[in-house]
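Read through the structure below, which is laid out as structure tokens, and then see the notes.
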Amino acid sequence: MAQKQSTRRQLVEDARQTALTGNWEEAVTLNQQIIDRFQTDAEAFNRLGRAFASWFDMSYFIEDFRRADHRRQRALSVAATAG
């Protein structure tokens with residue numbers, strides 16, 4: 001049991017340090033390893049979400065959604081005037 005705690009503790013520390021250096025891809029991998037081994041670790045899920053959010057520049061996704069919504073609105077407008 002002590003070995004399992006030590007392994008968890010080391011993985012958590014590695015995940016934190018990796019995130020602090022901005023290596024988000026590795027932080028994702030480490031937190032997924034923690035979750036695979038310790039499925040009830042809520043902090044690992046939290047760190048994983050933060051790593052994903054930081055790894056990907058969310059502004060690109062937001063802009064894509066805005067573009068999609070604009071095109072959808074335009075298509076609905078055209079359909080309403082044509083019908």
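Please treat every number below as a calculation from the coordinates, not as lab data. Here the structure is a predicted model, which means the values were calculated and not measured. Cβ placement follows ideal geometry from the backbone for every residue including glycine, while neighbour counts extend to all protein chains displayed.
Between Phe45 and Asn23, what is the label-to-label distance in nm when each label sits 7 Å out along the Cα-to-Cβ direction?
Between Phe45 and Asn23, the simple spin-label model gives 2.7 nm.
Obtain the nm distance between the two label points defined at Ser77 and Arg37 by a simple spin-label model: each point lies 7 Å from its Cα along the Cα-to-C-beta direction.
So the two model labels end up 5.6 nm from each other.
Each residue of segment 24-40 in turn: what ³J(HN,Hα) in whole Hz from Karplus with 6.51, -1.76, 1.60 and θ = phi - 60°, glycine and Pro shown as x?
Using θ = phi - 60°, the values come out as 5, 4, 5, 4, 4, 4, 5, 5, 5, 5, 4, 5, 4, 8, 10, 4, 9 Hz.
Given C-alpha coordinates of segment 2-82, what is the ratio Rg to Rh with the Kirkwood estimate of Rh?
Taking Rh as the inverse mean 1/r over Cα pairs, Rg/Rh reads 1.33.
Can you check what the net charge comes to around Ala15, using other residues whose Cβ is under 10 Å from the Cβ of Ala15 (Lys, Arg +1; Asp, Glu -1)?
After counting each charged neighbour, the total is -2.
Where does each of 11-19, 32-40 land if you order them by average Cβ count within 10 Å, highest first?
My ranking of the peptides, most packed first, is 11-19, 32-40.
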